[in-house]
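Encoded as structure tokens, the structure appears first; notes follow it.
Derivation of every value follows stated rules applied to the coordinates shown; laboratory data play no part. For clarity, every value in this text was computed on a predicted model and none was experimentally measured.
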Amino acid sequence: MRLTLLCCTWREERMGEEGSELPVCASCGQRIYDGQYLQALSADWHADCFRCCECSAALSHQYYEKDGQLFCKRDYWARYGESCHGCSEHITKGLVMVAGELKYHPECFICLTCGTFIGDGDTYTLVEHSKLYCGHCYYQTVVTPVIEQILPDSPGSRLP
């Protein structure tokens with residue numbers, strides 16, 4: 001979300017009885033006499049009152065809103081964002097790859113064994129709720145060793 005910085009100059013005669021026409025800050029409830037103020041979320045704000053509800057950082061260029069509360073980018077994504085299981089960074093836009101309950105950036109959706117990118121439509125398997133394998137590595141790393149343990153090495157090896 002972008003905010004709009006409005007610049008205005010109030011003439012002195014407006015600050016008298018007509019002062020009721022001055023905008024009221026949505027944060028502190030005081031009238032705005034400043035030459036600059038912000039308009040966001042259908043309200044007016046003193047520039048100094050437009051702050052993140054978590055860290056109190058001034059929100060001068062970009063802000064996020066959730067349930068009427070203002071957030072800086074870092075605090076919004078820390079509270080409401082999804083983290084990529086591959087790189088642990090927040091997923092802020094674009095496509096999301098999903099395996100089980102885990103979410104990934106498309107470029108982080110790679111095989112644990114060979115590091116190959118797993119694209120849309122490619123075969124993959126999620127093992128133990130967190131280990132992502134491409135189809136080939138899953139059979140080589142997981143399935144083949146299990147089959148080798150179950151099946152005898154050769155038909156004659158079990159004879160007395």
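Here are some notes:
- Rounded to the nearest Hz, the phi-derived 3J(HN,Hα) couplings of segment 33-39 under the Karplus curve 6.51 cos²θ - 1.76 cosθ + 1.60 (θ = phi - 60°) are 9, 5, x, 10, 8, 9, 10, where x marks glycine and proline.
- Stretch gain in nm, segment ASP120-GLU65, where the contour uses 0.36 nm per residue and the Cα spacing is subtracted: 16.6 nm
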